[in-house]
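Here's the structure, in structure tokens; my notes come after.
The values are calculated or read from the model by the stated rules, or taken from the named source; none is laboratory data. Just so it is clear, the model here is predicted, and its values are computed rather than measured. We place every Cβ from the backbone using ideal geometry, glycine too, and count neighbours over all the protein chains shown. Surface areas here come from the heavy atoms of the whole protein model, side chains and all, with no ligands, DNA or RNA. Shrake-Rupley method; radii C 1.70, N 1.55, O 1.52, S 1.80 Å.
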Amino acid sequence: MKLLLVEDEKQLSEALTQILIKNNYSVDAVFDGEDGLDYGLTDVYDAIILDIMLPKMNGLDILKNLRKKGISTPTILLTAKGSVEDRILGLDYGADDYLPKPFSTEELLARLRAITRRKGPMVNNNILEFGDIKLNISTYNMEVNGTSLTLTSKEFDILKYFMERPTSIVTKDDLITKLWGFDSDVEHNNIEVYISFLRKKLAYVESNVQITTLRRVGYKLEDQNV
């Protein structure tokens, strides 16, 4: 999952980033409110960890602006220990949870798991399903009607991204930004190669699910039996 961390205390930000990466999160870290809002408005994150006390723009204003723009990314606010009013305002503005400083990293990870479970499709026993596909998010295995294949890391990431938003059109830029990051040098033809690999594997297991191309727009995951 891809996270946005908005925290101006650089030592804390660096420590949290390392902990999150070790727990299999991808993290973009920014250090002031203006960057936090700009990054949040891209709507490419699975969750946001947002400090309230920030230079240039405070976390509550960031959250308020994101919700006004229709960005519903699950958000945890980091608050000062006694700031009850900030917590209330944050929840009123659309925060999903808050965590008073100082906090344990174990609690932060638990709260992240909780708010991200509330977003997106149902996952049972680490299995994400669409059509006749069962995608095991622990083992990177794709199973169709009893036939199982192990996907590469990026094949898995791309298929998972499609399965989490099956009614949405996904552009190549969406995939690059979401799965490789803003500063990546990955090009559109790289995405085409991965899509080709996935299509061949879906055909090999005789899946009813296809990745269709919408010319000059993007891709969409479709169940041909529906």
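What to note about this one:
- Among Lys134, Lys178, Lys68, the largest mean-square fluctuation in a Gaussian network model of the chain (Cα springs under 10 Å) belongs to Lys68.
- Amide proton proximity set for Ala29, modelled H, under 5 Å, gap of 5+: Leu5
- Taking only the Cα atoms of segment 20-78, the radius of gyration and Dmax are 11.0, 33 Å.
- With the helix formula -39500 (n - 2.57) applied to DSSP H stretches of n ≥ 4, the chain reaches a computed 222 nm mean residue ellipticity of -12500 deg cm²/dmol.
- Förster radius 35 Å - calculated FRET efficiency between Leu12 and Phe197, Cβ distance, rounded to 0.05: 0.30
- Placing a label point 7 Å from the Cα of Leu149 along the Cα-to-Cβ line, the residues of segment 178-221 whose backbone N sits under 15 Å from it are 193-212.
- Peptides 57-66, 25-34 ordered by average Cβ neighbours within 10 Å, highest first: 57-66, 25-34
- Longest to shortest principal axis, alpha-carbon extents of segment 25-122, angstrom: 35, 29, 24
- Additional length obtainable on full extension of the chain from Ile88 to Arg215, 0.36 nm per residue less Cα span: 41.1 nm
- Gaussian network model of the chain, springs between alpha carbon atoms under 10 Å - residue of Leu54, Leu214, Leu202 with greatest fluctuation: Leu214
- Using the alpha carbons alone, the radius of gyration of segment 131-216 stands to its Kirkwood radius in an Rg to Rh ratio of 0.95.
- Residue pairs exceeding 22 angstrom between C-alpha atoms, taken from Lys178/Lys220; Lys160/Lys201; Lys64/Lys220; Lys22/Lys178; Lys10/Lys101; Lys22/Lys56: Lys64/Lys220; Lys22/Lys56.
- Only beta bridges with both residues in the chain are counted; by DSSP, about 55 percent of them are antiparallel.
- Estimated distance in nm for a label pair at Ala114 and Asn225, the labels positioned 7 Å out from Cα along Cα-to-Cβ: 3.8
- What the chain shows is 53 Å² of accessible area per residue, with the surface traced by a 1.4 Å probe over protein heavy atoms.
- Carbon/sulfur fraction of accessible area - segment 1-108, other protein chains in place, 1.4 Å, %: 49
- Portion, in percent, of the accessible area of segment 141-222 that falls on carbon or sulfur, probe 1.4 Å: 44
- Descending principal axes extents, the chain, alpha-carbon based, whole Å: 58, 36, 31
- Restricting segment 128-226 to GluC sites (Glu not before Pro) that sit in a DSSP loop and have at most 11 other Cβ atoms within 10 Å of their own Cβ leaves Glu187, Glu206.
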